[in-house]
1. Among the residues that make up segment B:395-414, is at least one of them at positive phi and more than 30 Å from the chain's Cα centre (by Cα)?
2. In segment B:391-419, which residues are in a helix (DSSP H, G or I) and either within 14 Å of chain A (Cβ to nearest Cβ) or among the polar types (S, T, N, Q) (or both)?
3. Going by what's in this entry, would residue A:8 be described as surrounded by fewer than 20 Cβ atoms within 10 Å (Cβ to Cβ), within 8 Å of another protein chain (Cβ to nearest Cβ) and either outside any strand (DSSP E or B) or not aromatic (Phe, Trp, Tyr) (or both)?
4. Report yes if some residue within segment B:180-196 is surrounded by fewer than 22 Cβ atoms within 10 Å (Cβ to Cβ) and free of Cβ contacts under 8 Å to residues at least 12 places away in the same chain; otherwise report no.
5. State which residue is nearest to the other protein chains (Cβ to nearest Cβ) when the search covers only segment A:24-37 and only residues that are buried (at least 17 other Cβ atoms within 10 Å of the Cβ) and under 17 Å from residue B:470 (Cα atoms).
6. Does residue B:434 qualify as being part of a helix (DSSP H, G or I), within 11 Å of chain A (Cβ to nearest Cβ) and closer than 26 Å to residue B:18 by Cβ?
7. How many of the residues making up segment B:62-88 are touching a helix residue (DSSP H, G or I) at 6+ places or on another chain (Cβ under 7 Å) and under 19 Å from residue B:378 (Cα atoms)?
Amino acid sequence: MLQGKKAIVFGERDDISGTTIAACLRAAGCEILYEATACFV
Amino acid sequence: MPSWPVIKSVAYCLAHVPDLVRYGSKPRRELARAPELASQLAHRLRSFKEAVSYPANQTFIGNLSPEALGGIERPWFRPPPDAKAPSRGPFGEIIDQETFYGLLLRADALQPPLLICDDTHRQRLARRLAGHPLLAHFGADLADRSMESAPAAAPAAALPLTLHDEVFGSFHGDLRAEGSDDENLAAHHLLENLCTKASGGLALTWLLHRAGIDPEEVDFVISCGEEACGDRYQRGGGGMAKAIAELCGCPNASGMDLKNFCAAPASAIITAAALVRAGVHRRVVVVGGGSLAKLGMKFQAFLDHEMPILDDALAAMAFLVGEDDGENPVIRLDPGAVGKVPVAASTSDEAVFRHYLLAPLTALGLKLTDIDRFAPELQNPEITEFAGSGDVTKKNYRKIAAMAVRAGQLAKEEMEAWIGRVGMVGFAPTQGHIPSAVPYLGHAMAAMARGEIRRAMFLARASIFLNRCTNLLDGVSFIMERNPRAGTS
């Protein structure tokens, strides 16, 4: 489903980090255009 | 039976500083872009009485337990009109802005001074401190402090320090030649640093009072604040611990600053305990002053929801770590008992929790269900939810419970009930390092003294990726237990 798609990833420290989301998406064949993790506290 | 270091005392304080909210990082940037926000912001600032009666603040200073806070219907910012709440509690106090300005004036060690006050206001601040039972010594000779080297007119970059509409003084950058052309020594950076020092001094003063020890008895101080003291050649160089020790008249103490973003207080307590255990120092103080930058961080959400600005106070805390006295709770330092998140864990939440939650318990031969209370990130949800970040504390408990289920130590259908037993509602102001697990330490000591709990685990997280040098985060944990010899003598 994600093979060949492009993704912009926003993660959050107290939820799922951007690095982790991006790793999952890459494993599914997705190209990560931008990735960031925010800390809102 | 091994002997572990103990937490001998704690202190938690707040400085309600509504007129400094505009110098928080977010408001400062937004007000520069849209000056018309200033009147909206001013309209939503709380009075001292409102800040004191706020139940989350009452919990921070120990007048309410987290369990009692959890039973109060929200919104907490609309207390009953007849609500009465003291500004002092068993753990510390909430001071008003005028008292804090007095502490700022006392904390200012530079000549020409950073905080320049006229005679009238200097005397007023001196009287304010003189009338306080614990802070009176800070007011001595304050009225006579020389302002001779101060400039006749405030430079344009100076920050006015006001109380409502009354100007108390102006806060400057380093006005000496070496202070020119250095953005690290500009007024707003140095105000951040001095706010940390002054509020840290308040917390240390309360700690000495609560512990019943003289300042001379403190051997070492570890500061765990989030400020970055230093000039252009050593931004973040530190020295805050010793500055606070000096302010509080601890002549025998040296100190150091320990940095680990929000987890720094937990890291500092572990370090202090290790220093005591190793016999390097006997009495070590961990102190964390407040964060000016975090004031008003969520102000836009509060304006949007027509709420009071709830992130309007500098928070500070202090802990005294000492040798086993057979009475106070111990910090377990057995091999593996202190939790860490190694580099190899990456940022996967499950891996992070496996390392700083499960591994220490396994090392001690314990299950998650052997812990009576978990203290994770304890941000006040009323601040974070309106800003769209959700209930950070609750999220952490769900992950802890999920790990217990995955470890086969808890049935899935028991998760919510178990969280109800081992968890608590967040109550700490969003001051970065302040809410990270350790606000519960005082309540845990009280609950252990009452025999209600035996063991608590503190889990602190650090967004170290904010340093732009790594994409990793960090986690630190420690376990505190009722002293096994307590009540036996």
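The values are calculated or read from the model by the stated rules, or taken from the named source; none is laboratory data. Treat the numbers as computed from the prediction; the structure is a model and nothing was measured. Every residue, glycine as well, gets a Cβ built from its backbone with ideal geometry; the counts of neighbours run over all protein chains shown.
1. Just the residues of segment B:395-414 that are at positive phi, to begin with: B:408.
Now narrow it down to the ones that are more than 30 Å from the chain's Cα centre (by Cα): B:408.
Within segment B:395-414, one or more residues are at positive phi and more than 30 Å from the chain's Cα centre (by Cα).
2. We begin by selecting, within segment B:391-419, every residue in a helix (DSSP H, G or I); these are B:392-406, B:412-419.
The answer is B:392, B:393, B:394, B:395, B:396, B:397, B:398, B:399, B:400, B:402.
3. Values: surrounded by fewer than 20 Cβ atoms within 10 Å (Cβ to Cβ): yes; within 8 Å of another protein chain (Cβ to nearest Cβ): no; either outside any strand (DSSP E or B) or not aromatic (Phe, Trp, Tyr) (or both): yes.
No, not satisfied.
4. Among the residues of segment B:180-196, at least one is surrounded by fewer than 22 Cβ atoms within 10 Å (Cβ to Cβ) and free of Cβ contacts under 8 Å to residues at least 12 places away in the same chain, which makes the answer yes.
5. A:37
6. no
7. 10
To keep it simple, each residue is scored yes or no on (1) farther than 27 Å from residue B:10 by Cβ; (2) touching a residue at least 12 places away in the same chain (Cβ under 8 Å); (3) of a type in the set (S, T, N, Q).
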{"residue": "B:344", "(1), (2), (3)": "yes, no, no"}
{"residue": "B:360", "(1), (2), (3)": "no, yes, no"}
{"residue": "B:364", "(1), (2), (3)": "no, yes, no"}
{"residue": "B:367", "(1), (2), (3)": "yes, yes, no"}
{"residue": "B:380", "(1), (2), (3)": "no, yes, yes"}
{"residue": "B:393", "(1), (2), (3)": "no, yes, yes"}
{"residue": "B:404", "(1), (2), (3)": "yes, yes, no"}
{"residue": "B:427", "(1), (2), (3)": "no, yes, no"}
